[in-house]
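What follows is a short report on a single structure.
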Amino acid sequence: MTHPNSTAIRSLVATDIVVTAAQYDALEHAIANRSRVAIRLNGAEMVVIPEAIQMKGGRELLLTQNPSSGLPLLVQIDDIERLEVVR
């Protein structure tokens with residue numbers, strides 16, 4: 001069965017995935033306030049605590065921490081498919 005609006009749906013490619021200015025601003029506030037953010041990365045959604053934004057090899061990296069285990073996770077910002085601050 002196809003979706004009724006299938007002509008309006010298109011698959012995302014890497015160049016379509018962009019963190020907006022508002023999301024970037026919200027991310028910076030989340031870092032300052034140690035707020036959790038929900039991100040979708042490679043189709044998987046997870047909640048993390050952002051700690052810092054770093055540059056490495058010309059790419060922006062988001063240093064995060066798993067809120068349950070405390071383990072660090074380094075995410076390339078341009079690989080994030082969705083980002084939302086958890087309130």
Discussion item. On a full-extension model of 0.36 nm per residue, what is the gain between I53 and N66, subtracting their alpha-carbon distance, rounded to one decimal in nm?
Written reply: 3.1 nm
Fill in: Semi-axis lengths, Å, the stretch 45-87, gyration tensor of Cα atoms, sqrt of 5 times eigenvalues
18, 13, 8
Worksheet, complete the sentence: Net charge near A52 (other residues with Cβ under 11 Å of its Cβ; Lys, Arg +1; Asp, Glu -1) is -3
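Read-outs throughout are calculated quantities, based only on the coordinates presented, and are distinct from any laboratory measurement. Since this is a predicted model, take the numbers as computed values, not measurements. For neighbour counting, all protein chains shown are included, and Cβ atoms are generated from backbone atoms with ideal geometry for every residue, glycine included.
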